[in-house]
1. In the range 75-92, what residues are within 14 Å of the chain's Cα centre (by Cα) and charged (D, E, K, R)?
Amino acid sequence: MKSLLVLALALAAAPLASAQMYKYVDKDGKTVYTDQPPVNIDTKTLNIQTGTTSVSPAAPKSAVERDKELQKGRDEARDRAKKADELAKQAEAREQACNAARSTYQTYADGGRIYKYDEKGERIVLGDEQIDAERERSKKEMDEACKKS
């Protein structure tokens with residue numbers, strides 16, 4: 001009975017044992033793995049764990065963990081798409097503002113008779129000084145609206 005108990009303990013402890021291995025390159029350039037250290041050759045000692053009782057670092061994930069990871073990935077993708085959409089809308093708005101400012105400036109740069117409407121809705125012809133002042137103002141607005149940021 002004692003021998004059976006000793007044998008059972010020995011078999012249970014066997015997977016927990018670790019084996020010492022040696023790795024070296026022989027004279028032909030071949031890599032050799034052995035459990036006996038070679039004589040007069042530089043070796044690298046490898047500690048090999050045997051058995052499957054240790055916890056695996058890459059243990060399979062549960063379905064809940066996988067679902068959480070997938071949802072996190074979807075949320076991140078949705079946030080990236082939302083930010084890209086917002087940036088595209090902002091760029092489009094800046095482009096429209098720039099085009100409007102260029103159009104206004106071009107009106108004053110072309111010259112000729114330029115009309116404005118007063119608060120009563122009557123048409124007023126601008127003089128040369130007023131056109132020059134409006135041209136300068138619209139040039140500054142255009143530069144501000146069309147600058148690259």
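1. Once the filter is applied, which keeps residues that are within 14 Å of the chain's Cα centre (by Cα) and charged (D, E, K, R), the range 75-92 yields Asp75, Glu76, Arg78, Asp79, Arg80, Lys83.
Yes/no per residue for (1) modelled with pLDDT under 90; (2) surrounded by 10 or more Cβ atoms within 10 Å (Cβ to Cβ); (3) in a helix (DSSP H, G or I); (4) not aromatic (Phe, Trp, Tyr):
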site	(1), (2), (3), (4)
Asn47	yes, no, no, yes
Lys72	no, yes, yes, yes
Arg80	no, yes, yes, yes
Ala84	no, yes, yes, yes
Thr107	yes, yes, yes, yes
Ser138	no, yes, yes, yes
Asp143	no, yes, yes, yes
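The values are calculated or read from the model by the stated rules, or taken from the named source; none is laboratory data. Note that the coordinates shown come from a computational prediction; the quantities given were computed from them, not determined experimentally. Neighbour counts are summed over all protein chains in view; Cβ atoms, including those assigned to glycine, are modelled from backbone coordinates with ideal geometry.
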